[in-house]
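Single-structure report; data block below.
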Amino acid sequence: MKKILTLVLALTMVLTAVCAYAGGEVQLYSSMTEADLDALITCFNEKYPDIEVVVTNGSAGELTTRIAGEAGNPQGDLVWGGMADSDGMAYADIFEAWVSEGDKQNIEGYSSPNGLYSMDHLSTVVFVVNEELEAELGLNIQSYEDLLDPKLKGMIATADPNSSSSAWNNLSNIMAVYGNDTDEAWAYIEQLMPNLVILGSSSGVFKNTQAGEYVVGMTYEDGAVGLIRDGATNIRLQYPTNGTSATAFGCALVKGGPNPENAKLMIDFICSVEGQNALAAYQQGTLRYTNAGYTVPEDAWLPASDEITWVFRDVPYLTEHKKDILDHWNALWAKVVQ
């Protein structure tokens, strides 16, 4: 009898696996770059060739607003990118309380903060500097203080921290350098604002800086280093000498999405050692992944962590006070710029 039960259970597991791998499609909502998405689709389809990946690209704010609007008839299956460790339970209404097993293998401090996100990569704050324009202005941009130079008025690009995870990441790093909600931090931000131009997307920041529209883009490693990998010679990554920090980003399963099993397969792949090693090899190390078993490829474009000056980011504080910080930012922006 025990042998029969064992056989039945084994067959059930096999049938479940077959159903999970049966093909179909997965609707991926993502704020990641085109290069990231190309890597994911290519590597994922090598393992699951019968699953068609349909991508909707947008900022974190755009995607979460869209998912909330589709709640009566969900169209997306998962989100990759833009879901940050500082979000707390803000999106509990639109995401399933489900976390990949790969999340449990992450390096200490970077596992799911809320039971909604499966964390997979770090986004480190960096300036992308157009060296041609920098030289024309006679500048040497290294630190946050260097961004205050009057020559840079209207020449520093950023996204909107109210809707962009990359811009919130940059605002969080200023808090990490100058102190959370301190007078020093807000005084610095107020001085910086006249030099800023807010763009509609995170990708526009590094792309338009490389194109010569701006001297500096306040951005993140992945997007900027991708341009350099693809042949851009007029820009450099500048980690602020005051220090930089990283936020963990992850994947989330859309509540009631049409293809949940395929979505889980994709999230499991992104969070696994196998998946992260495959993605890193494909892209030559343009992302910092979180799985403790991940191996940095020898030809990685990003500098090693021990080559960077790091500062501590108080994620719980930023999570709790995010609305207040954004309200303060918006009030200053209206006062200084508009």
Subject >> Residue-normalised accessible area of the range 70-158, expressed per residue, 1.4 Å probe, Å² >> reply: 41 Å²
**OP:** Enumerate the amide H contacts of VAL126 below 5 Å, restricted to partners 5 or more residues apart or on another chain; note that Pro and chain-start residues carry no placed amide H.
**Re:** THR219, TYR220, GLU221
Subject >> Value in Å of the Kirkwood radius, where the chain supplies the Cα pairs that are averaged >> reply: 20.9 Å
**OP:** Pick out which of GLU320, GLU46, GLU274 has the largest mean-square fluctuation in a Gaussian network model of the chain, springs linking Cα atoms closer than 10 Å.
**Re:** GLU46
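So which of LYS151/LYS207; LYS207/LYS264; LYS153/LYS335; LYS104/LYS255; LYS151/LYS322 end up more than 24 Å apart, counting from Cα to Cα?
Working: LYS151/LYS207 21 Å; LYS207/LYS264 32 Å; LYS153/LYS335 16 Å; LYS104/LYS255 21 Å; LYS151/LYS322 31 Å.
Long pairs (Cα-Cα over 24 Å): LYS207/LYS264; LYS151/LYS322.
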**OP:** For the chain, with a Gaussian network of springs between Cα atoms less than 10 Å apart, report the residue from VAL273, VAL311, VAL216 with the top mean-square fluctuation.
**Re:** VAL311
Subject >> Relative packing of peptides 30-42, 259-271 - highest average C-beta neighbours within 10 Å first >> reply: 259-271, 30-42
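Local charge sum around LEU122 (other residues, Cβ-Cβ under 12 Å, Lys/Arg +1, Asp/Glu -1)? Walk me through the numbers before you get to the answer.
Details: positive: ARG288, ARG313; negative: ASP85, ASP120, GLU221, ASP222.
Taking every Cβ under 12 Å from that of LEU122, the sum is -2.
Can you tally the net charge around ASP268? Count Lys and Arg as +1, Asp and Glu as -1, for every other residue whose Cβ sits under 12 Å from the Cβ of ASP268.
Here the count lands on -2.
Determine the gain in length on full extension of the stretch ALA97-GLU25; use 0.36 nm per residue of separation and subtract their C-alpha separation, reporting nm with one decimal.
Here the segment from ALA97 to GLU25 would lengthen by 23.7 nm.
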**OP:** Quick one: angle between helix 260-271 and the longest Cα principal axis of the chain, in degrees between 0 and 90, rounded to 10, please.
**Re:** 60 degrees
Original post:
Put a dot 7 Å past each Cα toward the Cβ at ASN140 and PHE312; how far apart are the dots in nm?
Top reply: 3.2 nm
**OP:** For n ≥ 4 DSSP H runs only, could you compute -39500 (n - 2.57) per run for the chain, divide by its residues and tell me the 222 nm figure to the nearest 500?
**Re:** -12000 deg cm²/dmol
Original post:
Per-residue accessible area for TRP186 at 1.4 Å probe radius, Å² rounded to 10?
Top reply: 20 Å²
Subject >> Calculated log₁₀ intensity ratio I(q)/I(0) where the Debye formula runs over C-alpha points of the range 87-193, q = 0.23 Å⁻¹ >> reply: -1.30
Subject >> Surface share of carbon and sulfur [accessible, 1.4 angstrom probe, percent] for the range 112-254 >> reply: 47 percent
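What dipole magnitude, in Debye to the nearest 20, does the chain give about its Cα centre under +1 on Lys/Arg Cβ and -1 on Asp/Glu Cβ? Mind dumping the intermediate values first?
Values: 17 positive and 45 negative charges, 142 e Å.
Its charge dipole is roughly 680 debye.
Under the √(5λ) rule applied to the eigenvalues of the Cα gyration tensor, what semi-axes describe the equivalent ellipsoid of the range 90-147? Give them in Å, descending.
Over the Cα atoms of the range 90-147, the ellipsoid semi-axes are 40, 13, 10 Å.
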**OP:** For the chain, set up a Gaussian network in which alpha carbons nearer than 10 Å are linked by springs, and say which option among THR290, THR65, THR219 fluctuates the most.
**Re:** THR65
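Only bridges with both residues in the chain count here: give the DSSP antiparallel percent, nearest 5. If you can, show how the numbers build up before the last one.
Values: 25 of 41 bridges.
In the chain, approximately 60 percent of DSSP beta bridges are antiparallel ones.
What's the local net charge at GLU25, with K and R +1, D and E -1, over the other residues with C-beta under 9 Å away? Kindly include the intermediate steps, with their values, before the conclusion.
Numbers: positive: none; negative: GLU52, ASP77.
Net charge around GLU25: -2.
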Original post:
Can you give the accessible area of VAL54, probe radius 1.4 Å, in Å² rounded to 10?
Top reply: 40 Å²
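The values are calculated or read from the model by the stated rules, or taken from the named source; none is laboratory data. Nothing here was measured: the structure is a model prediction, and the numbers come from that model. No Cβ is skipped: glycine too gets one built from the backbone with ideal geometry, and neighbour counts run over all protein chains shown. What goes into the accessible areas is simple: the full protein's heavy atoms, side chains included, and nothing from ligands, DNA or RNA. Shrake-Rupley method; radii C 1.70, N 1.55, O 1.52, S 1.80 Å.
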